[in-house]
1. Considering (1) surrounded by 13 or more Cβ atoms within 10 Å (Cβ to Cβ); (2) out of contact with any His (no Cβ under 7 Å at 6 or more places or on another chain); (3) under 22 Å from I116 (Cβ atoms), say which one L33 fails and leave the rest.
2. So, in region 167-195, of the ones that are among the acidic types (D, E) and free of Cβ contacts under 8 Å to residues at least 40 places away in the same chain, which residue ends up farthest from S56 (Cα to Cα)?
3. From the list K103, K19, exactly one residue is modelled with pLDDT of 95 or more and not in a strand (DSSP E or B). Which is it?
4. Which of the residues that make up region 39-85 are in a loop (DSSP other than H, G, I, E, B), of a type in the set (G, A, S) and at pLDDT 95 or above?
5. Which ones in region 193-245 are among the polar types (S, T, N, Q) and surrounded by fewer than 17 Cβ atoms within 10 Å (Cβ to Cβ)?
6. May I ask you to list the residues in region 141-162 that are without any contact (Cβ under 8 Å) to a residue 60 or more places away in the chain and assigned to a loop (DSSP other than H, G, I, E, B)?
7. List every residue pair whose Cβ atoms sit under 6 Å apart, with the two residues 6 or more apart in sequence or on different chains, where the first one lies in region 203-226 and is of a type in the set (D, E, K, R) and the second, anywhere, is surrounded by 13 or more Cβ atoms within 10 Å (Cβ to Cβ).
Amino acid sequence: MTLESTKNIHKGIIKNVEKIAFNTYAIEFFSNLNRVFPGQFISIYCPNTVLRRPFSVMDFDENKNTLKIIFKLKGEGTDYLRNLKEGNNIDFLAPLGNGFNIKKQKALLVGAGVGIAPILFLRKVLNERNIENYFISGFKTEQEVIKGADKTFVGGSVLDEIENIIKENNIEIIYSCAPMIVLRKLSEIANRLSIPVQIALEKVMACSIGVCRGCIIKISKDNDIVNASVCKDGPVFLGSEVVWD
């Protein structure tokens with residue numbers, strides 16, 4: 001039995017590929033998936049690479065049967081993806097991991113870099129459910145900005161005004177996907193203000209289904225410290241349960 005036989009392998013057809021920012025691309029393709037939740041991810045087969053490549057879902061339209069991801073150009077796998085054309089086939093595992101546990105509370109959404117992908121998807125769902133939200137994003141340069149947030153920070157830290165934003169907007173819950181250093185500091189702020197925060201972790205994955213144990217983190221459960229796989233137990237965790245090194 002192979003690792004991949006434990007999950008359905010899906011075949012999709014490329015709808016379009018477009019460059020949306022510096023070294024950043026979006027791929028939309030038709031799929032036969034019935035349901036995907038914000039925070040979940042897919043793992044795509046890229047020829048001539050040993051492992052599949054994991055990507056957060058940026059959008060899923062169950063009426064049009066389309067799914068969208070974004071990625072930064074980094075190597076052979078992503079170079080293959082950006083050169084796909086309309087009508088090409090795409091091979092992927094999905095849906096993977098556990099998504100955000102959506103609450104009917106006024107939400108602050110925080111995305112940084114390509115971590116904005118699942119947050120854009122989450123905002124769409126929150127808006128469909130008439131859940132009030134405020135969305136901020138952060139990028140290193142103006143050329144890397146991906147549009148969709150209410151307020152965007154460029155060059156500095158997305159956390160610079162976070163406490164003021166929380167207080168001014170009467171935030172009740174926070175959802176975020178960003179580099180680990182941002183998620184750690186955001187969790188510290190949320191804890192200090194007694195606001196729950198759900199974070200989607202970005203981590204290098206091998207199997208993407210919890211078998212290889214290559215994406216282990218430590219979390220606090222029932223007054224004990226245990227190992228958790230980001231790909232299977234996450235990628236969404238409570239910021240308060242993650243043991244930050």
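The values are calculated or read from the model by the stated rules, or taken from the named source; none is laboratory data. Keep in mind the model is a prediction, meaning the values are calculated, not measured. Here Cβ is always computed from backbone atoms with ideal geometry, including for glycine, and neighbour counts include all displayed protein chains.
1. (2)
2. E168
3. Only one candidate qualifies: K103.
4. Residue satisfying the conditions is G39 alone.
5. S194, S220, N223, N227, S240 - these are the residues of region 193-245 that are among the polar types (S, T, N, Q) and surrounded by fewer than 17 Cβ atoms within 10 Å (Cβ to Cβ).
6. Kept after step one, since they are without any contact (Cβ under 8 Å) to a residue 60 or more places away in the chain, are these residues of region 141-162: 142, 147-162.
Those that are without any contact (Cβ under 8 Å) to a residue 60 or more places away in the chain and assigned to a loop (DSSP other than H, G, I, E, B): K147, G148, A149, D150, G155, G156, S157, V158, L159, D160, E161.
7. Going by the 6 Å Cβ cut-off, the qualifying pairs are K203/C215; K203/V230.
One line per residue, one yes/no per condition, for (1) among the aromatic types (F, W, Y); (2) closer than 23 Å to G12 by Cβ; (3) surrounded by fewer than 16 Cβ atoms within 10 Å (Cβ to Cβ):
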residue: N89; (1), (2), (3): no, yes, yes
residue: L96; (1), (2), (3): no, yes, no
residue: G99; (1), (2), (3): no, yes, no
residue: I102; (1), (2), (3): no, no, no
residue: L108; (1), (2), (3): no, no, no
residue: A112; (1), (2), (3): no, no, no
residue: I116; (1), (2), (3): no, yes, no
